[in-house]
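Visitor: Below is the structure I would like to discuss, written out as structure tokens.
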Amino acid sequence: MTRIRPFILPLLILIAMLCATWLVWNHERQNTSNQIRSQFDFLLRETVSRVEQRMASYEQMLRGVQGLFTTTEVMERNSFRDYISSLQLDSNFSGIQAIGVIEWVPEVRKSAHVAAMQRLGAANYAIKPGGQREVYTPIVQFEPYIGSNFALSGLDQWPDQVRRLAMEKARDSGKPAISSMLRFSADKEADAQTGFIMYLPIYTKGQQHDSVLTRRTYLTGWVFAIFHMHDLMASLYGEQLPGLSLAIYDGVEPSASALLYSSVEGGITNQPSAITSNEYLVVAGRSWMLSMSTLDDFDKRFGHNSKSLIVIAGTSLSLVLAMLAWLLASGRARAMRLATTMTSELHKKIEEYEVVQALMLKAEEALVESNRKLESLSATDGLTGIANRRRFDEVLAKEYSRHTRSGAELSLILLDIDCFKAFNDCYGHIVGDECLRQIAQVIADCATRTTDLAARYGGEEFVCILPETDLIAAVAIAERIRSEIIARAIPHGGSSVADYVTASLGVVTARCSANNSSLAILSQVDELLYRAKSLGRNRVEYQFFETLSSLD
Amino acid sequence: MPVSMSKKILNSCLVCLMLVLCDLNAIAVASGPDCSRPFTLALHEHGLLYSADTNTGIDKDFADELIRRSGCKVNVNVMPRARIWQLIESGALDFSLSGIATAERNRFASFAWYFSNKYYLLVRKDANVKQLSDLDHKDRFQLGVIRSFRYGESANRLVDKLQSANRVSQANGLAPLYQTLFLNHIQGMIIEPFDTPVLEEKKLHTITNLIEFNDPSVPHGLIMSKKSLAASEQKKWRDLVNSMRSDGTVRRIFEKYFTSDIAAAMTDFQSPQ
């Protein structure tokens, strides 16, 4: 869970951002699609309108021709030619192949009609195809009077059902009517052209033609115009349709046989992505189907390509934000991890430091102990275990100073084992050493106050410092020492005093002053010891220290 | 008062009344439309309203009578409906017939109502649409409409909805829509009562059903271009249309094409203000 946690927020941000990108992309896609759709609808409407307008203008032009025959006779060739010529049908009307007049000729008037035509200059005029029929509808005039159009002269339109239906419709309605699709293979060009013919009826001058019956009764002929569809479409005003294919079918079914016009060679093949729309037109009473379809470059032309930009920018932004979020989230976690590691390392170091500190403390204690031991060793006599001479000198100097300040009495006892040389000679040094130890023990046992100090002065001589002790007390202690030595009854065969070890002691009590020194006291106590020895040994000699001269 | 005296007075009063009425009539004629220029009126092919094949129809009869009453020279033409609206807006065309109002059209056209009718959805039986709500589930349902035609509120909504889903085929006349409906290229189209007789003629009545839109009747009227006709002239033409309604002329025209009860239902309506 902890491992996943840093990824949750970036993942949520990534999903949210991708969703937002998708929303924007989808919005843009719909917008673009709507724009393309409305552009397509606009172009379709415009195209339909252009075709309608063009057809209306052709219709109007043909009405002009129709109007001509409200003032002239059908057979007046020159007026017709002049009229057409005055229309100045330039390339704007290039869709028109020919404009002509058809006369309504019942069988009874056939020979009169042919004779009249020949009289007007068409020497070889005949109604084609030949044969006898109830009614004939030969083309009697046409313009331009050139090329392939020559074949039109005298051509009876009635036997052709397509033409006849349109002519009948025009006759009965009195309005323009166009034929269904025709292929004009009579042209010398290799490919047959598709097209149609537009008819307008001509009625007898001065007669009402407000009902079907009267229209049929007073019909004299038709004016017509032959159109080639490709030329007609080429003559439309406005630009060619960009990125669009256009097809026009005769009728309402998009079959290949009814294809009047296609802007793409071989007809329209619908791509799956294409927008296609069909619109139905009623042109001069006939239904056409106009089918428009987008080509590949229509989208590129009118659709903005911001969709892919949104996808790329949105996805990149999402990834960058997710990455940033991850860095922020995991950065904290990484910092926490680092801090934890550092803390544990610090704890470890502290523990190590504490161990080292403990070791150092121990070492220091050991050192202090060693120093203490060393100090103790340096102040102790190795043989007897009591203070040595060095210690004695230090204590005496201190006590002397202290007693000088306090004015109290300081006593010293100096002891020497009687005839100890002889003891060593008699018992050997090992026993001599044991004797020294016992004597030291006796002295230590007698000087029991904490401030008292018993020390080995050298050889078989011992000394005892008794601070704040007057002479009487000091002598008592000295006597007790002497008695205790005797009481020990250490045999001494070589003694001249007794059979056991004895000692001679000198005791001095002094009032210390800056005018004297401890050396002087020592010297005096040494004197008193000497006196005890000389007076027979095993005795205590004492004296209050005053001056050296007073001893003499 | 002697009886002969009373008669004399009564006679005098009657003479005076006749004189006043003659004057009023003279004023009415004098206040007819201004005919100082020829006008243009466009018809569109739409069922019984007008058929170019026979050059007959309700609108043709209405136009003839209107022109006769106005005493003006009016050139009548036949055009697709979309073109008519375009020309009315530009002012190049003065009149057309059987128009219905929309907010957009009210900007450039005014109307003189002369009939009112409901709209119907004509659907192929094999499309299995029994009511309008069934269309919500018919993803392949293709509707045929005439470009620029508007209808009642719910019919407009249906057309707009299907249009945005690219499920509308447009045409500039009814004829191709009947054909495509017959061929099952479209499954439905919106028609009006004057289109129904054509169904039989086109052999569509056996394969289709009629569903009525739940909208009130929509008034249809003479369309007048605001750009080419001053408001005062529009009023005069409107008065003419109203006079054709009030004297029963409109009703009689409709009775030529419908049974009298249907004609009554279409022509007796409350004109919107």
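The values are calculated or read from the model by the stated rules, or taken from the named source; none is laboratory data. Please read these numbers as outputs of a predicted model, since none were measured by experiment. Every residue, glycine among them, receives a Cβ derived from its backbone with ideal geometry; neighbour counts consider all protein chains shown. Just the protein is used for accessible areas: all its heavy atoms, side chains included, with ligands, DNA and RNA removed. Shrake-Rupley method; radii C 1.70, N 1.55, O 1.52, S 1.80 Å.
Visitor: Within the range A:366-385, is even one residue over 24 Å from A:ARG531 (Cα atoms), among the small types (Gly, Ala, Ser), surrounded by 15 or more Cβ atoms within 10 Å (Cβ to Cβ) and touching a residue at least 40 places away in the same chain (Cβ under 8 Å)?
Guide: no
Visitor: Check the range B:171-193 and report whether any residue there is in contact with a Gly (Cβ under 8 Å, 6 or more places away or on another chain), away from every other protein chain (no Cβ under 14 Å) and polar (S, T, N, Q).
Guide: So far as the range B:171-193 goes, no, none of its residues is in contact with a Gly (Cβ under 8 Å, 6 or more places away or on another chain), away from every other protein chain (no Cβ under 14 Å) and polar (S, T, N, Q).
Visitor: Restricted to the range B:99-111, and to residues that are open to solvent by 10 Å² or more (accessible area, probe 1.4 Å) and under 30 Å from B:PHE141 (Cβ atoms), which residue is farthest from the other protein chains (Cβ to nearest Cβ)?
Guide: B:ALA101
Visitor: Taking B:ILE223, is it modelled with pLDDT of 95 or more and closer than 30 Å to A:VAL252 by Cβ?
Guide: Details: modelled with pLDDT of 95 or more: yes; closer than 30 Å to A:VAL252 by Cβ: yes.
Yes; evaluated as a whole, the condition is true for this residue.
Visitor: Could you list, ordered by first residue, the pairs with Cβ atoms under 6 Å in which the first is in the range B:233-254 and under 15 Å from B:PHE39 (Cβ atoms) and the second is buried (at least 16 other Cβ atoms within 10 Å of the Cβ) and of a type in the set (Phe, Trp, Tyr), at least 6 apart or interchain?
Guide: Here the result reads B:VAL241/B:TYR114, each pair linking the range B:233-254 to a residue that is buried (at least 16 other Cβ atoms within 10 Å of the Cβ) and of a type in the set (Phe, Trp, Tyr).
Visitor: Among the residues of the range A:107-131, count how many are open to solvent by 10 Å² or more (accessible area, probe 1.4 Å) and in contact with an Asp or Glu (Cβ under 7 Å, 6 or more places away or on another chain).
Guide: The qualifying residues number 4.
Visitor: Would you check which residues across the range B:153-185 are more than 24 Å from A:ILE275 (Cβ to Cβ) and out of contact with any Ser or Thr (no Cβ under 8 Å at 6 or more places or on another chain) and list them?
Guide: Hits for the range B:153-185 are B:GLU153, B:SER154, B:ALA155, B:LEU174, B:TYR178, B:PHE182.
Visitor: Quick one: which of B:GLY173, B:GLY144 is within 24 Å of A:PHE42 (Cα to Cα), at pLDDT below 85, open to solvent by less than 50 Å² (accessible area, probe 1.4 Å) and not hydrophobic (A, V, I, L, M, F, W, C)?
Guide: B:GLY173
Visitor: Still on this structure, I have one more. Tell me the residue from B:VAL168, B:VAL159, B:VAL218 that is facing chain A (nearest Cβ under 10 Å) and on the phi < 0 side of the Ramachandran plot, please.
Guide: B:VAL168
Visitor: What number goes with the only condition from (1) over 18 Å from A:ILE443 (Cβ atoms); (2) in contact with a helix residue (DSSP H, G or I) (Cβ under 9 Å, 6 or more places away or on another chain) that A:THR380 does not pass?
Guide: Condition (1) is where A:THR380 drops out.
Visitor: Can you name the residue in the range A:273-324 that is away from chain B (no Cβ under 14 Å) and outside any helix (DSSP H, G or I) and is also most open to solvent (accessible area, probe 1.4 Å) among such residues?
Guide: Filtering first and then ranking leaves A:ASN305.
Visitor: Are any residues in the range A:220-243 in a strand (DSSP E or B) and open to solvent by 10 Å² or more (accessible area, probe 1.4 Å), and if so, which ones? Explain how you work it out, then say what you get.
Guide: Pass one, the range A:220-243, residues in a strand (DSSP E or B): A:220-228.
Correct list: A:THR220, A:ILE226.
Visitor: Next question, about the same structure. If you go through the range B:31-70, how many residues are buried (at least 18 other Cβ atoms within 10 Å of the Cβ), more than 19 Å from A:VAL282 (Cβ to Cβ) and within 13 Å of chain A (Cβ to nearest Cβ)?
Guide: Residues that pass the stated criteria total 1.
Visitor: Being open to solvent by 20 Å² or more (accessible area, probe 1.4 Å) and of a type outside the set (S, T, N, Q) is the filter; apply it to the range B:147-156 and report the residue that is nearest to the other protein chains (Cβ to nearest Cβ).
Guide: B:ARG147
Visitor: Would it be correct to say that A:ARG334 is in contact (Cβ under 8 Å) with a residue 40 or more places away in the chain and either charged (D, E, K, R) or assigned to a helix (DSSP H, G or I) (or both)?
Guide: Criteria not met by A:ARG334.
Visitor: If you don't mind, there's one more thing I want to ask. Restricting attention to the range A:94-103, does a residue exist that is assigned to a helix (DSSP H, G or I) and either without any contact (Cβ under 8 Å) to a residue 60 or more places away in the chain or surrounded by fewer than 17 Cβ atoms within 10 Å (Cβ to Cβ) (or both)?
Guide: no
Visitor: Turning to a different aspect of this structure: Please enumerate the residues belonging to the range B:71-85 that are part of a loop (DSSP other than H, G, I, E, B) and more than 12 Å from every other protein chain (Cβ to nearest Cβ). First the steps, then the outcome.
Guide: Here is the first cut: in the range B:71-85, the residues part of a loop (DSSP other than H, G, I, E, B) are B:71-73, B:79-80.
Hits for the range B:71-85 are B:GLY71, B:CYS72, B:LYS73.
Visitor: Say we look at the range B:112-141 and pick out the residues that are assigned to a helix (DSSP H, G or I) and open to solvent by 40 Å² or more (accessible area, probe 1.4 Å); which of these is farthest from the other protein chains (Cβ to nearest Cβ)?
Guide: We begin by selecting, within the range B:112-141, every residue assigned to a helix (DSSP H, G or I); these are B:125-127, B:132-137.
Still in the running and open to solvent by 40 Å² or more (accessible area, probe 1.4 Å): B:125-126, B:132-133, B:136-137.
Values: B:LYS125: 20, B:ASP126: 18, B:LEU132: 24, B:SER133: 26, B:ASP136: 21, B:HIS137: 23 Å.
Ranking the candidates gives B:SER133 first.
Visitor: Follow-up. Identify the residue in the range B:213-239 that is under 22 Å from B:LEU121 (Cα atoms) and among the hydrophobic types (A, V, I, L, M, F, W, C) and, among all such residues, is least open to solvent (accessible area, probe 1.4 Å).
Guide: B:PHE213
Visitor: Right, here's the next one. Which residue pairs have Cβ atoms under 8 Å apart, sit 6 or more places apart or on different chains, and have a first residue in the range A:27-54 that is within 12 Å of chain B (Cβ to nearest Cβ) and closer than 21 Å to B:VAL145 by Cβ and a second that is basic (Lys, Arg) and in a helix (DSSP H, G or I)?
Guide: A:SER49/B:ARG83; A:GLU52/B:ARG83
Visitor: Outside any helix (DSSP H, G or I) and either within 26 Å of A:TYR218 (Cα to Cα) or not basic (Lys, Arg) (or both): is that true of A:THR71 in this structure?
Guide: Yes: the conditions hold for A:THR71.
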